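Everything below concerns the one structure shown next.
Just so it is clear, none of the values below were taken in a lab; they were calculated from the coordinates. Everything numeric in this text was worked out from a predicted model, so none of it was measured. Cβ sites come from the backbone with ideal geometry, for glycine too, and all protein chains shown count toward neighbours.
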Amino acid sequence: MTELQMGLIGLGTAAVAGVFAYNVWQDRKARRLAEKVMKSRHADVLLDGEAPAAPEGASRAPGERFEPSLGEGMAGAIAVDVPMDGEATKIRIEPLEDADDVAEVPAGEVPAALLDPRIEFIVTLELVEAVPGHQIVQSQSAALERIAKAVHWVGFNDRTREWERIVPDSPQPYRRLRIGLQLVDRRGPLADGDLAVFAGAMQALADELMAVADMPPSRVLDQALTLDRFCAEVDLEIGVNLVSQGVAFPGTKIRALAEAAGMMLGEDGLFTRYDDDGRVQFRLQNFESTIFSPESVKTLTTHGLTFVLDVPRVDHGERVFYQMVELARRFADTLQGVLVDDNRQPLSDAQLDHIRREFVMKPQATMAAYGLPAGSPQALRLFA
C-alpha cells in the first residue's frame, strides 16, 4: 500500500470521526434544551397537588372544582412562555376573529310580509361584493318606470342579519337581493309586456353587478289572472251616508266632531281614523264635490257626508264597521242628519246588520281562507 493510499484512508477516517463527534455534540445540546423546556416553572393543574388559586374576590370550598380562566386584562388573548436562546420569552397569542365575522350567515327565507311568491314574481340576485342600496335601486329605474305594477326591493342586512325593504336613498350595502314584481293591483293583472320589461331589467342589473339572476320558471301570467279573479271577489268599499234634513252641515262643526273622535285631516282631503299601530280604519269624505282642507272647512257647508270602510285593507272588519256606524250615528244626532243608503233611503238597524254580515264578514272570511287575511301586509300591497 502506498503512502498516498494510507494518507487517503487516514483522512476518510478522520472525517467520519468528526461527523460522529458533531452529531453527538448536537444530540447532547438538544437534550439539554429539551430538559430546560420540560422543566416545570408553573403549577400543573393535572400533575401537581394544588389547584390554581381562585381569582381575587372568589371563594372555594375544600375539594370544590375550580375551572382555570384567563387572568384580568387577558380576555381575548393568551400569553405563554416559550424558551428562545436559553431564555423564556413571553409571547401574546391573539385569538382568531369571531366565527360570525368569518363565516357567511345563512339568510333564510324572505318573510312573506316583505315578499310573497303568491302575489309577486320574485327574482334572486347573489352579488360577489356588497353594493349600496341606492345604487341597486337606481340602476334600472328608467326601465322599471315603464312598468305599471309595483316593484319591491328587499335585501339581506348582514349587520342585523335580517331581510329588509331597500329604500331608494339607502347607503346600506347588500349582497343578497330579492326583487318582486307585483302580479295584481286594483287596476288588474300583470301584462305580458310589463313582465318582459322587468325580466330584461333584472338581467341587465345582474350583468352590471356581476351577479347571477335566478328567475323561477312559472306560469306567471296565469297566476296573475287567477289572483285577479280572487281580488275582484273581495274588493269592496262600504259607504254609510249621512245627509241633512234641510239645514247644511257647517265645516267647522264637522271638523270639531271628527277631531274629537280621533280623526285627522290629511292632504287627500279626507278625515281618517287610525288604529294604535297607525293603520287606517275608516275615512270621512264630503258627499259633495268640494274636498276638505284646513282652509275650506272654515267656510264650507255641505248637505252630506260619507263614512268609508275599505274592506280588504282593514283587520277585524266587523269590529271596525261597528265603530264606524256608531260614530256616524253620533254625527247624525249632533248635526241633525239621517243615515241613508246610496239611494238616499234611510238605513235601519237590520239593514246595517245585513251589510256587516254580507259585505264585511263574508269577504274577510274568504280572504282568510285564501291565506291572505284582510289588513295583512300582502293585502295592503294588493289593494293599494
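Worth pointing out:
- Full-extension gain in nm, Ser348 to Asp275, via 0.36 nm per residue minus C-alpha separation: 23.5 nm
- Segment 202-217 - phi-based ³J(HN,Hα) in whole Hz, Karplus 6.51/-1.76/1.60, Gly and Pro as x: 5, 5, 5, 5, 4, 5, 5, 8, 6, 10, 10, 8, 9, 10, x, x
- Taking Leu257, Leu225, Leu183 and counting other C-beta atoms within 10 Å, the order from fewest to most: Leu225, Leu257, Leu183
- Site pair His134 and Asp214 shows an inter-label distance of 3.0 nm when each label is modelled 7 Å from Cα along Cα→Cβ.
- For Met263, Met210, the sequence from fewest to most other C-beta atoms within 10 Å is Met210, Met263.
- Here segment 120-229 yields Rg over Rh of 0.97, to two decimals, using C-alpha coordinates and the Kirkwood radius.
- Subtracting the Cα-Cα distance of Glu295 and Val167 from 0.36 nm times their residue separation leaves 42.7 nm of extension gain.
- Extension reserve of the Thr2-Glu326 stretch, reckoned as 0.36 nm per residue once the Cα distance is removed: 103.2 nm
- Sorted by Cβ density within 10 Å, fewest first, the residues Arg178, Arg159, Arg255: Arg159, Arg255, Arg178
- Cα-projected label distance for Ala204 with Ala142, points at 7 Å along beta-carbon direction, nm: 0.7 nm
- Tensor-based shape of segment 253-384 (alpha-carbon gyration tensor, a/c under 1.5 rounded, otherwise prolate or oblate): oblate
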